[in-house]
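Engineer: Have a look at this one before I ask anything.
Since every read-out is calculated from the coordinates, none of them should be taken as a lab result. All of these numbers come straight from a predicted model, not from anything done at the bench. Methodologically, a virtual Cβ is constructed for each residue, glycine included, from the backbone with ideal geometry; neighbour enumeration extends over all protein chains shown.
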Number of protein chains: 2
Amino acid sequence: MEFTKRLLEQFLTLAEEKHFGRAAERLSMSQPPLSQAIQRLERGLGATLLDRRPGDLRLTPAGAAFAVEARRLLDAQTAVVERVRRVAQGLEGDVRVGYVSILSHRHLPRLLRAAAEELPGLRIHLHQDSTATLVEMLRSGALDLAFIRDPSPVSDDLAVHDFASERIVAALPDGHRLAGSDSIALEDLRDDDFVLLNGTALPGLALQARLACREAGFTPRCRADADDLTGLLGYVAAGLCVSLMPEDLRGFPVPGIAFVPFRGSSPYLRTTVAAVRRTDADAAVHRLLDLITRHAGRP
Amino acid sequence: MEFTKRLLEQFLTLAEEKHFGRAAERLSMSQPPLSQAIQRLERGLGATLLDRRPGDLRLTPAGAAFAVEARRLLDAQTAVVERVRRVAQGLEGDVRVGYVSILSHRHLPRLLRAAAEELPGLRIHLHQDSTATLVEMLRSGALDLAFIRDPSPVSDDLAVHDFASERIVAALPDGHRLAGSDSIALEDLRDDDFVLLNGTALPGLALQARLACREAGFTPRCRADADDLTGLLGYVAAGLCVSLMPEDLRGFPVPGIAFVPFRGSSPYLRTTVAAVRRTDADAAVHRLLDLITRHAGRP
DNA sequence: CGACTCGATATCATTAGCCATATGGAGTTC
DNA sequence: GAACTCCATATGGCTAATGATATCGAGTCG
């Protein structure tokens, strides 16, 4: 039994009109083929749908039930078309997004809010991990999009889009001679003891910090190192060293530490990029990526 | 866009096999028409369903969504057929049943239980009213089946089926000289004061009680009357009169009253019949009516 | 580079679904 | 009972859906 739209439409019209002649007219056809279509329908269903009493056509209980179901089938079909089109256009769907922990502070909530407003049909699945793991997951198809650290080992099957560049600021202990300044120059710290990242966890930041010092014309005297930011913060708060950190941390006041920006053309840490597979044709991913690039670089 | 079963089946098979050749083989057709069918489907939907990369066919997000929806559409169609057939066979549906209050004591719960077990797909809508009103509702189509009193004004557009015959018993005050008997004869009460129904509420019972006395060879001396059974019970419990009542009431002991059956061929009150419209072809009504007649006459 | 795989395209035959006209037949009305 | 209403039946034409064969073209691999 095949339920074509035409057949369902014919039955529904007949169910409304309760008159073969009028229904046929509304359907722009003659009466006999309508009779036959309905008969085929009844044979196919194995049930009588109409109580044909002379001059008074009415639906049997089965016919009334089928009228309801027929309308549902029609609605379901158009709904399927709608849904598939929306998925194809990326207005509906699932996107698996990976990110490094730093992002969560400020950018991620803002992005999620914007996505929920602009692309309400998207379900975004979040996964936090290290840059290296995220790249691997992205390449293997376990993720669709990832916010990762740059510089990082990005092969050419991935396309990257600049997302957020954070400036480096100085982290000084409260008692430091420059702790009260509005801004300083990096070379003002050439004679200070530094604590820097050793590069195991955040290689990008560790590298950039050293590069910035070299550009400023000195090699930082490293009194200590640490493998994550909280370690750095501990050393600085103890008053033993100064350090360089992403400006993001200024939003989280740490007792005993002053974050002071650099003057003029200060060293940048180009931190976060959004990466996707070059071959990925998923429209939802591209819509999300578009939204991300439009939100890139904002504070 | 028309979703024939064949087309959905073709897409689903292809979605499983991810290979045009193998899918065509499983569908007992050659590969080219399958390609064309899928292309027509994609054009009709206005969306690309397959990612055709050489040697590795995969579904696009839209294709994956459509695969889910296609399966749902197929299931929905077969479910519709099933449902319509069940309604046509009377295994599913709505039946509006009217009944007179007496019935509710014992028969109605039993019937509903049996119906729920034997015809679980039926939704039974209950309505209690007087015999006259029920007959009118039945005829006008507001009810499908009614348990009514007999004798009653049943026109020949209704078909009636005997359902329950209740015997008349004597209701005697506890102190009555026959209150302890196992059974008595109606003429034993010829000199007692009676309280009987005046016929406004339960004309059948009122009439039958008087007919029974006439058959026993006497006219009951009516000291009082009442328009319902509780009125009768009050008079009897007060010790003022005896009365005649349906034996149903023996199940509800009333303080101060003894119900005593009549000996031998005691007078019957043929109380309740199930009535339906003769022209009604509703299979659910007939199934229920069949169940009712099979349960007729049981205690 | 040549064979192979796999999907797309071109062309054609068959069928059956759909609708039209003409007619039949039951029931109602005046 | 004659005209009318209304649905069913009979018959025929047309279109469009369906699938088969043959071929092409891109990509892969030894």
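Engineer: Under 13 Å from a point 7 Å along the Cα-to-Cβ line of B:His161: which residues of region B:114-142 have their amide N that close?
Structural biologist: Label zone hits: B:115.
Engineer: What is the minimum Cβ-to-axis distance for chain A, in whole Å, where the axis maps A onto B, and to which residue does it belong?
Structural biologist: A:Ala76, 3
Engineer: Between copies, how close do the A:Phe218 label points come, placed 7 Å along Cα→Cβ, listed in nm from shortest?
Structural biologist: Result, one decimal in nm: 13.3.
Engineer: For the protein assembly as shown, build the charge dipole from Cβ charges (+1 Lys, Arg; -1 Asp, Glu) around the Cα centre, then report which of A:Gly21, B:Gly264, A:Thr133 sits farthest towards its positive end.
Structural biologist: A:Gly21
Engineer: How big is the dipole moment of chain A about its Cα centre under a simple scheme where the beta carbon of each Lys and Arg is +1, that of each Asp and Glu is -1, and everything else is neutral? Debye, nearest 20, please.
Structural biologist: 1160
Engineer: Taking a cut-off of 25 Å between Cα atoms, list the lysines near A:Lys18, but don't count ones fewer than 8 places away on the same chain.
Structural biologist: Within the straight-line limit of under 25 Å, A:Lys18 reaches these lysines: A:Lys5.
Engineer: On to the next question. Normalise the Cα radius of gyration of the protein assembly as shown by 2.2 N^0.38 Å (N = residues in it) and let me know the number.
Structural biologist: My calculation over the Cα atoms of the protein assembly as shown gives 1.73.
Engineer: Next up: Pop a pseudo-label 7 angstrom from the Cα along the beta-carbon direction at both B:Ala237 and A:Arg72 and give the gap in nm to one decimal.
Structural biologist: So the two model labels end up 5.1 nm from each other.
Engineer: Taking region A:32-166, how much of its Cα-Cα pair set, in percent, is spaced more than 27 angstrom apart? Can you show the working numbers first?
Structural biologist: On the way: 4583 of 9045 pairs.
When every Cα pair of region A:32-166 is considered, 51 percent fall beyond 27 Å.
Engineer: Output the peptides B:70-77, B:273-280 sorted from most to least packed, where packing is the average of other Cβ atoms within 10 Å over each peptide's residues.
Structural biologist: Put in order of decreasing packing, that is B:273-280, B:70-77.
Engineer: Cβ neighbours within 10 Å, averaged per peptide: list A:177-187, A:235-245, B:53-63, B:78-88 in order, most packed at the top.
Structural biologist: A:235-245, B:78-88, B:53-63, A:177-187
Engineer: Considering the options B:Gly251, B:Ile124, B:Ala226, tell which one lies farthest towards the positive end of the dipole of the protein assembly as shown, charges being +1 on Lys and Arg and -1 on Asp and Glu at the Cβ, about the Cα centre.
Structural biologist: Of the candidates, B:Ile124 comes out farthest on the positive side.
Engineer: Is there a simple number for the mean count of other chain Cβ atoms within 10 Å of the Cβ of residues in B:56-65, and what is it?
Structural biologist: Values: counts 0, 0, 0, 0, 6, 14, 13, 3, 4, 10.
The mean count of partner-chain Cβ atoms within 10 Å per residue comes to 5.
Engineer: Let me ask you something else. Direction-averaged shadow area of the convex hull around the Cα atoms of region B:127-242, nm²? Walk me through the numbers before you get to the answer.
Structural biologist: On the way: hull surface 33.6 nm².
So the mean shadow area of the Cα hull is 8.4 nm².
Engineer: Further question on the same structure: Take the Cβ-Cβ distance between B:Leu211 and A:Leu57 as r, set R0 to 35 Å, and report the resulting FRET efficiency rounded to the nearest 0.05.
Structural biologist: 0.15
Engineer: Would you kindly work out, in nm and rounded to one decimal, the distances from the label point of A:Glu25 to those of the same position in each other copy, ordered shortest first, with label points 7 Å along Cα-to-Cβ?
Structural biologist: 5.8
Engineer: Given region B:1-135, what percent of its DSSP beta bridges are antiparallel, to the nearest 5?
Structural biologist: So the antiparallel bridges in region B:1-135 amount to around 35 percent.
Engineer: In bins 5 Å wide, starting from 0, what share of all Cα pairs of chain A does each bin hold, as a percent?
Structural biologist: 1, 5, 10, 11, 10, 8, 7, 6, 5, 5, 4, 4, 4, 3, 3, 4, 4, 3, 2, 1, 0, 0
Engineer: Measuring nothing but label to label, 7 Å from Cα along Cα→Cβ, what are B:Met1's distances to the other copies in nm, shortest first?
Structural biologist: 2.5
Engineer: Starting from the 7 Å offset along Cα-to-Cβ, what nm value, one decimal, do you get for the label separation of A:Arg40 and B:Ala296?
Structural biologist: Here the modelled spin labels are 4.5 nm apart.
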